[in-house]
Amino acid sequence: MNVGDYDFELPERLIAQTPLSDRTSSRLLVLHKDDGRVEHRSFKDLADYLAPGDTLVLNDTKVIPARLFGRKADTGAKAEVLLLKALGDHRWEALVRPGKKLHTGAVLHFGETEDSLKPLLAAVVEEEGEMGARTIRFRYDGIFNEILDRLGEMPLPPYIKERLEDKDRYQTVYAQNEGSAAAPTAGLHFTEGFLRELRERGIAVCRVTLHVGLGTFRPVSVDNVREHKMHEEWYGVDAENAALLNRARQAGTRIVAVGTTSARTLETLGQRFGDLPIEACSGWTGIFIYPGYEFRLVSALLTNFHLPKSTLVMLVSALAGRESVLAAYREAVVAEYRFFSFGDAMFIT
């Protein structure tokens, strides 16, 4: 299984640079996984494809302003840090730039105070990892999240070149648990009003949490898909939402994942508990879903359009079939759908 099997041509002009003013006004490509049939609809038509008793599963993670711009303490050279995963004891896993110059022992300063010798936030590189990854330890006075809100910027993907005027547009309306380095973008299409409308139609709304980090977006650097290892990300589900999932399983109704991060969380739970009832839990998951995988919980998936050769294209191909997915992507290109984080949506049913 070669990574090149998941490649496709995408004109750069179709990469959405800004979000639509109305979250629910995007287009919706519906892909029927049983026969590969495609329909072109509007996002709010999603309600027509959901039935009373279906359980819609949202990832309620909240993006933190995880991109920090600072300087090396000794030379004053510019440095950039993208926080990925909290490790405890003021330590974080992060990506840094320039990676070739930020080695173990490097000290970074962020923000200025009246005392120029004492920045608002300082960090030291403690360990070096692969592909620019570092373990860094912060030093500061006060509350870290408040300092981060003051100094940090929203970590938009590198393919988005436009400045985001309203940072809340890179959060879902139901974002609650802080910890993500990127938004679960399929959820960006929802408004509170549309979710209320779905509940009134008898559709259950369930929440899980997966803090989106490097695992979701790390490129596949090997030719053989099976040799790729996912980076672990933190997930959790509470007792109330575990009960909703158990109710759906017992009733035999559909569990509909909103986004690949919700899907990965659900399948992690499916593997963890098997046929036993799901319980409140948390942990780390490095689950990698690609064709040949048998889904345990996910029946249908709402998602955005993903990067060529990415693990996310592989995940949707596992659910709907590689040929059907790539054919749908080609049709979306011809129809000029908007791609990636701020783009249009696909519903696999």
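Specify the angular offset, from 0 to 90 degrees and rounded to the nearest 10, of the alpha carbon long axis of helix 322-334 from the longest principal axis of the alpha carbons in the chain.
Helix 322-334 sits roughly 80 degrees off the main axis of the chain.
Among the aspartates and glutamates, which fall within straight-line cross-link reach of K85, defined as a Cα-Cα distance under 12 Å, with same-chain neighbours fewer than 8 residues apart omitted?
Answer for K85, where 12 Å is the Cα cut-off: E93, E178, E232, E233, listed by chain and number.
Relative to the longest principal Cα axis of the chain, at what angle does helix 311-320 sit, 0 to 90 degrees, rounded to 10?
10
Name the long-range amide H neighbours of V205: under 5 Å, sequence gap of 5 or more, or other chain; modelled H, no Pro or chain starts.
Long-range HN contacts for V205: L56.
Straight-line reach from K101: which aspartates and glutamates have a Cα under 16 Å away, not including same-chain ones fewer than 8 places off?
Within reach: D74, E80, E126, E127, E128, E130.
Restricting to Cα atoms and excluding each atom paired with itself, what does the Kirkwood estimate give for region 1-137 in Å? Don't skip to the answer; put the middle values down first.
Details: mean 1/r = 0.0508 Å⁻¹.
Kirkwood radius, region 1-137: 19.7 Å.
Taking a probe of 1.4 Å, how large is the accessible area per residue of region 1-152, in Å²? Walk me through the numbers before you get to the answer.
Working: 7950 Å² over 152 residues.
Heavy-atom accessible area per residue stands at 52 Å².
For region 145-169 and region 290-349, write down the distance between their C-alpha centroids in whole Å.
About 26 Å separates the Cα centre of region 145-169 from the one of region 290-349.
May I ask you to evaluate 6.51 cos²θ - 1.76 cosθ + 1.60, the Karplus curve with θ = phi - 60°, for each residue of region 74-80 and list the ³J(HN,Hα) values in order in whole Hz, giving x for glycine and proline?
Whole-Hz 3J(HN,Hα) from phi for region 74-80: 7, 10, x, 5, 5, 9, 10.
Using the structure shown, list the pairs from K33/K161; K78/K309; K161/K309; K33/K167; K167/K229; K78/K229 with a Cα-Cα distance above 30 Å, or answer none. Don't skip to the end; give the middle numbers.
Details: K33/K161 34 Å; K78/K309 32 Å; K161/K309 21 Å; K33/K167 35 Å; K167/K229 32 Å; K78/K229 32 Å.
Long pairs (Cα-Cα over 30 Å): K33/K161; K78/K309; K33/K167; K167/K229; K78/K229.
Sort out for me the Cα centre separation of region 205-282 from region 19-77, rounded to whole Å.
So the two Cα centres are separated by 16 Å.
Could you derive backbone 3J(HN,Hα) for region 167-176 from the dihedral phi with the Karplus parameters 6.51, -1.76 and 1.60 (θ = phi - 60°), listing whole Hz in sequence and x where the residue is Gly or Pro?
Running phi through 6.51 cos²θ - 1.76 cosθ + 1.60 with θ = phi - 60° gives 5, 5, 6, 9, 10, 6, 5, 10, 4, 9 Hz.
From the helices alone, meaning DSSP H stretches of at least four residues, give me the mean residue ellipticity at 222 nm for the chain, per-run term -39500 (n - 2.57), in deg cm²/dmol to the nearest 500. Could the numbers behind the result be given before it?
Details: 7 runs with 71 residues, N = 349.
Calculated from helices alone, the mean residue ellipticity at 222 nm is -6000 deg cm²/dmol.
The values are calculated or read from the model by the stated rules, or taken from the named source; none is laboratory data. The shown structure was predicted, so the numbers you read here are calculated from the model rather than taken from an experiment. Accessible surface areas use protein heavy atoms only, side chains included; no ligands, DNA or RNA. Shrake-Rupley method; radii C 1.70, N 1.55, O 1.52, S 1.80 Å.
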